[in-house]
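Beneath this line is the structure, given in structure tokens, with notes to follow.
The values are calculated or read from the model by the stated rules, or taken from the named source; none is laboratory data. These figures come from a predicted structure and were not determined experimentally. Note that each Cβ is placed from the backbone with ideal geometry, even for glycine, and that neighbours are counted across all protein chains shown.
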Amino acid sequence: MKKKAKLTTLAMTSTLLIFTLVGSAQARPHYNRYSGNDRFQTSTAIAQQEFQGQQMQNVVIASAYSFPDALSASTLATKLKASIILVGSDMNDSQDSLDYIKNHLTAGGNVTIVGGVGAINQKVEQWLNNSGYHVKRMGGKDRFATDSLIVNNLAVSHGTPVIIASGNDFPDALGVASLAASKGWPILLSGPNQLSETAQTFVTTDQPTNIYIVGGEGVLHDSVQTALQSAAPSAQIQRFGGQDRFETLSQILTKFYPNPTQIYLANGLDFADALSGSTLAAQNNAPILLIDPKAQQLPPSIKDYLITIRNTGSSPQVNVLGGTAGVPDWVVTQVNDILGSSATTPVVTPPTAISLTVSNPSMTGVTVGLSSALNGLAASNFTLLNSSGYPLTVTSVTTIDGGVTYTLNAPLSAGQTYTVTANYGGNTIGTAQSFTIPSGTTNEMLTVSNPTTAGMTVGLSSALNGLTTNNFTLLNSSGYPITITGVSTLNGGLTYAISAALSAGQTYTVTANYAGYALGTAQSVTVPYGMSNGTLTVSNPSTTGVTVGLSSALNGLTASNFTLLNSSGYAITVTSVTTTDGGVTYTINAPLSAGQTYTVTATYGGYTVGTVQSFTIPSGMTSETLTVSNSTTSGVTVGLSSALNGLTASNFTLLNSSGYPITVTGVTTLNGGLTYTISAALSAGQTYTVTANYVGYVLGTAQSVTIPSGTTSETLTVSNPSTTGLTVGLSAALNGLTASNFTLLNSSGYPITIIGVTTLNGGATYAINAALSAGQTYSLTANYVGYTLGTAQSVTIPYGTNS
């Protein structure tokens, strides 16, 4: 691992050396772009530039997706001489960032996590702790509490100026992030109409000499300014507020950066790259200029600022934060034109190697997938060869998911094999991929579900990625076509959400087509007058969220489908929504307060799903009793005194008699969360302890269990025989038995089908359901790994019983 880290550092140092030499070939490089394949790699590319490949003592990590907690991180990171590294909400999309930290943070270094567990999962924190770093989390119950923790940690001197910015949106705070960081000024977040209590307390205590309000009256009302003046009567208050975020920013730039030696360009419609680059800009006492990548011109106010600094004789170095999707090349060209220099080829931080896949081959082209998004590729970035090695013309290239997949259009022949390669910035992406065009057609089954007035969900029997509106036809009951306004890919092409304006009570048919595929038969569906997905339930309330259950699966719901209100009726931000069972249950992540009551509603396609559900977050800890049974070499059964659904392997700890952890390979929920089957490789004759944890719950005490060395004997009894089944008793409880654990034979020795098995008395008794005949005799045996479950029991069904 050390060798790998050295090689990585050497490679990055070499890149920086090349970068420096290119810059020295002229008086000043026209611009530098610090970017990667995504926001995570962009943050590490910026960190690499900050520390020039040297080891770091400190690092600050912030959420790549949730801006509120991260807004005030710049000043803290600069004080700590740390880079801001972005991570996802869990381990899945954080690996690049964590690998960078592992290779560049000194052993035993310090990591400050900005944000609560709703923004950055506890698994990320655990990984950092396990890696030997000193980890400190600054996360409050909401964005204002988190901001207060950060600001108080700065320990600024009495009278230090402060910046007041909106806690509801990011542009204004990001516009002053590098300014605040370079000067060591705190950024205090405020609500639109009322100064937050934490901000007011800080201002009253600090008595700043200057207060800078960032945002017009539409962003921060005059009542906020009045409260500030009241809290610090002697402070000089100045407001920067324009017609939009760019005009507000230009006022700040004009005051504090009249003749900068460097400027940094960043996407003004997203926060990630500007946040990552704020410490680099602060290091060089430089401003960040936000732009609109969707426009074709610079914002007028930003253009005016550039003209102003040009007229002062300044010729600042131009730097770009992020890739061409966030800051297109035309932006840099216009900036350089204004400043009096022409754009040249940038020094681009090359993307790290990513894997290449191909799918959906047909005579009109193929779909190419990238393991991480790389937007802006064109036909020139792909090479398509036939089996003889001759190049084929790629007529066009399209992407609909930000560069994760590309549809390559080219005239191909059925039965022939082709190879495709991709390149970017002179670097090969992945390895060459071969594919064969089907000679005939591949059959798919088509299903339709979740019909609403806004559309429906279409399912395929096997994944077929990259379908668009052109691949679907929607007809009303009269056979007239209905316009499909949009198509969204779910589950990698197994499912598609079809958007269209439909009428309640009407019946529609949908067909799908794709070259080389028979996509099932036409499917009919009727749009209901109301939602049939009736019952809504809530469970597992904690300070990080709640679990919502639906009486029938409704896949594809997002945060926008759920409304979460506090007891005063104010909306609580749902930070993320996940489902692991196809839409039967959803985990709603949101910052909630212990002891408070909330309500949740769900909607879909204009309809309300179920009724409003209320729940209260436990003020303290809710106690559960923990039991362990059915110990075998393949695992144990854990029981809870009351149901707690949704526990996973991370909620259980299994230790051997020496105290070493045993890997839990799987967890299966039984009885709605009353019982869990824990799968693990255990040894006969050995003793183990199992503990369970869950936020807001005390899940009993550690339970010890010994794995039987041989077999454990049980006595088996049979009672209550009837034509619908019988009752089986065990001399000692053995929970979790199913139909597969019982054998029922008639008097001729032929097996009788067991329809169902119901557990009674915690496994001491089982109700066996089967179709039996009056007057007939049957024998029953039972089996379980590591147990002798008595001997075969005979029973005769009496006449006159039917229950």
Exercise for review: Say whether the condition of being modelled with pLDDT of 85 or more and either among the charged types (D, E, K, R) or over 24 Å from K102 (Cα atoms) (or both) is met by at least one residue in the stretch 4-19.
Suggested key: no
Practice item. Please list, ordered by first then second residue, the pairs with beta carbon atoms under 7 Å, 6 or more apart or interchain, first in the stretch 192-211 and over 15 Å from A235 (Cα atoms), second part of a helix (DSSP H, G or I) and among the hydroxyl-bearing types (S, T, Y). Key: N193/S223; Q194/S223; T198/S148
Point to revise | The lone exception for T765 - which of (1) under 19 Å from T791 (Cα atoms); (2) touching a residue at least 40 places away in the same chain (Cβ under 8 Å) it fails | key: (2)
Practice item. Select the strands (runs of 3 or more DSSP E) contained entirely in the stretch 363-472, then report the ones holding at least 2 residues which are over 30 Å from A522 (Cβ atoms), of a type in the set (F, W, Y) and over 28 Å from the mean Cα position of the chain (by Cα). Key: none
**Study point:** Residue selected from the stretch 208-235 under the condition part of a helix (DSSP H, G or I) and among the aliphatic types (A, V, I, L, M), by the criterion nearest to F170 (Cα to Cα)
**Key:** V224
Review point. Hey, any hits in the stretch 69-88 for a residue that's touching a residue at least 24 places away in the same chain (Cβ under 8 Å), out of contact with any Cys (no Cβ under 8 Å at 6 or more places or on another chain), surrounded by 16 or more Cβ atoms within 10 Å (Cβ to Cβ) and farther than 30 Å from F256 by Cα?
Key: yes
Check your understanding: For the stretch 256-272, which residues satisfy the criterion of being modelled with pLDDT of 90 or more and either touching a Lys or Arg at 6+ places or on another chain (Cβ under 6 Å) or part of a helix (DSSP H, G or I) (or both)?
Key -> F256
Point to revise | Checking I164 against (1) surrounded by fewer than 18 Cβ atoms within 10 Å (Cβ to Cβ); (2) touching a Leu at 6+ places or on another chain (Cβ under 7 Å); (3) assigned to a strand (DSSP E or B), the condition it does not meet | key: (1)
Study note, to complete from the structure: From the option list G184, G118, single residue qualifying as closer than 27 Å to A266 by Cβ, in contact (Cβ under 8 Å) with a residue 60 or more places away in the chain and within 21 Å of the chain's Cα centre (by Cα) is G118
Point to revise | Residue ID - surrounded by the fewest Cβ atoms within 10 Å (Cβ to Cβ), chosen from residues in the stretch 251-269 that are touching a Gly at 6+ places or on another chain (Cβ under 7 Å) and under 18 Å from Y212 (Cβ atoms) | key: Q251
Study note, to complete from the structure: Residue count, the stretch 617-628, condition under 20 Å from G673 (Cα atoms) and at pLDDT below 85, comes to 7
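How many residues are among the small types (G, A, S) and either under 35 Å from the mean Cα position of the chain (by Cα) or within 15 Å of A266 (Cβ to Cβ) (or both) when one looks only at the stretch 301-337?
Narrowing the stretch 301-337 to residues among the small types (G, A, S): 301, 313-315, 322-323, 325-326.
When the remaining residues are screened for being either under 35 Å from the mean Cα position of the chain (by Cα) or within 15 Å of A266 (Cβ to Cβ) (or both), the result is 322-323, 325-326.
Residues meeting the conditions: 4.
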Review point. Which residue out of Q238, Q243, Q251 is at negative phi and part of a loop (DSSP other than H, G, I, E, B)?
Key: Q243
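Listed here are the residues, each with its yes/no results for (1) of a type outside the set (S, T, Y); (2) surrounded by fewer than 18 Cβ atoms within 10 Å (Cβ to Cβ).
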position: D581; (1), (2): yes, yes
position: L592; (1), (2): yes, no
position: Q596; (1), (2): yes, yes
position: T599; (1), (2): no, yes
position: A602; (1), (2): yes, no
position: G610; (1), (2): yes, no
Review point. Restricted to the stretch 554-579, and to residues that are in a strand (DSSP E or B) and without any contact (Cβ under 8 Å) to a residue 24 or more places away in the chain, which residue is surrounded by the most Cβ atoms within 10 Å (Cβ to Cβ)?
Key: V577
Point to revise | Among (1) more than 16 Å from N630 (Cβ to Cβ); (2) of a type in the set (A, V, I, L, M); (3) modelled with pLDDT of 90 or more, the one test that V690 misses | key: (1)
**Study point:** Near pairs, Cβ below 9 angstrom, 6+ apart or cross-chain, from the stretch 499-518 (within 30 Å of S362 (Cα to Cα)) to any residue that is of a type in the set (F, W, Y) and at pLDDT 75 or above
**Key:** A500/Y508; V510/F472; T511/F472; A512/F472; A512/Y496; N513/F472
Exercise for review: Please identify the pairs in which a residue from the stretch 536-553 that is over 18 Å from T603 (Cα atoms) has its Cβ atom under 9 Å from the Cβ atom of a residue that is charged (D, E, K, R) and surrounded by fewer than 22 Cβ atoms within 10 Å (Cβ to Cβ), counting only partners at least 6 apart or on another chain.
Suggested key: T543/K141
**Study point:** Pair list, Cβ < 8 Å and 6+ apart or interchain, from the stretch 309-337 residues that are touching a residue at least 40 places away in the same chain (Cβ under 8 Å) to residues that are hydroxyl-bearing (S, T, Y) and in a helix (DSSP H, G or I)
**Key:** L321/T42; L321/S276; G322/T42; G323/T42
**Study point:** Number of the condition not met by A373 [criteria: (1) within 15 Å of G493 (Cβ to Cβ); (2) at pLDDT below 80]
**Key:** (1)
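Residue by residue, here is whether (1) touching a Pro at 6+ places or on another chain (Cβ under 9 Å); (2) closer than 21 Å to A282 by Cβ holds:
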site	(1), (2)
G184	no, yes
I187	no, yes
P192	no, no
T198	no, no
S230	no, no
A235	yes, no
F240	no, yes
R245	yes, yes
